[in-house]
Structure formats: C-alpha cells, structure tokens
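The values are calculated or read from the model by the stated rules, or taken from the named source; none is laboratory data. None of the values given here were measured: they were computed from a predicted structure. SASA here: full protein model, heavy atoms, side chains in, ligands and nucleic acids out. Shrake-Rupley method; radii C 1.70, N 1.55, O 1.52, S 1.80 Å.
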Amino acid sequence: MLRMAARTSATTPPGAPKIGLRERKKIQTRQAIRRAAYRLFEEQGYDATPVDQIAAAADVSPSTVFRYFPTKEDMVLTDEYDTVLETGIRARPADEPVVESVRRVSIETLRTMAAQERGELVQRLRLIREVPAIRGRTAERTAQDAAMLTAVLAERSGRPADDLELRVISAVILAALQEAMLHWGEGDRTTDPEAPVHRAMDVLARGLTL
C-alpha cells in the first residue's frame, strides 16, 4: 500500500525515468483534478461532492475527469507514485531481504513528501477509514499490488510466479504497510510517519514474534 505513503508532486517520483513535457502536463491536470476533489471533499463531504462539481473546480470538463479517473474513488487512490514500489524494489540488491527492501523504498518515499503532500495523505487515510466505497477500492488495489510484488519476488528468487510462499510474503508485507499508515493517520499526525513503518517492518523481520 505504498501508494498511500506518497503524494502528488509535479516532480518525477523517486526512481522513475525522466518524463517529457506532454506527460508533465498530464500530471499537472491530474493534480489539479485531485486537489480540487480533496478540497471539496473536505468542505462538503465525499458523498455530497458530484464529479461535475469537481470538474468545474479544476476548470476541466467532466469527460476529462473520467479520462484521468474512471471512478470517484480513483481520485483518492490514484497518483503519480503508483509504480514506486515496483521500481524501487527492482532497484534494490537482489540478495537483500525483501522486508528490508520494502522498508528502504517506503522510507525514501516518505522523505520526499512536502508539507502539503503530507496533509493530503492524512485526508486520504481518513477517507479510506470513513468511506466504504473507497475501502472496497483500496482492497482491489492492494490485491493488484500484491500480485505485482509477488511477480517481482519471483524474478528475484527464481521461483514460479504462483508460488504460495511468495504470495503470503507479499500479502503480509503490504498488510503491514497499510496498518502502519492507518495507525499513523489515526494517532498524533504531528509525529514522523516513518516510525510506524519501521516498527511494522521490524515485526516482520523478527518473524512475527511478540
């Protein structure tokens, strides 16, 4: 669930290739839509905010909104960092323990966040907790992330992509990341979000013992 831990920046996400002017403009449009949505969600609530109102606030057409975000839930859960976990893990040493790889990629991503981005992360976490439709969509996207992580681990280990142990490891790691971020979002958000990520990864690294 690393997509929860990285926000919307006009700059290139860590580990990503350089992007051209056309793609940067697309990113800026996505950001404008998403930021308008977050602002309206905060002011009047998620369910009370129609897509056409978001489009007007972002100065785009409703069809443009749907071109970038097929559903309203995707405005909350989709960003330019969706490939960060895959890219980051592929860049780590192949013999590094997977928990350590995920820890390092997650912490690096958190450290790139500006104050505004951290505020959006807090709002995203709150919406995930409060809106059933977003929770359901989060589960779908987490399953996609788990399949991606399993594929990467299969490449690193030489095991088949449907290996049960790899699937279990991927699911457990992503669940730990999700709980770490939700725990931070529910508590004192003036603290560093890196701490719960370290703590969650420590639990996995020591073998789930208490």
#### Entry: Table column - 3J(HN,Hα) (Hz), segment 98-109, Karplus curve with 6.51, -1.76, 1.60, x for Gly and Pro
4, 4, 5, 4, 5, 4, 5, 5, 5, 5, 4, 5
### Query
Between Rg and the Kirkwood Rh of the chain, both from Cα atoms, what is the Rg to Rh ratio?
0.97
#### Entry: Å² of accessible area per residue within the chain, as computed with a 1.4 Å probe and no ligands counted
50 Å²
### Query
Using a probe of 1.4 angstrom, how much of the accessible area of the chain is carbon and sulfur, in percent?
54 percent
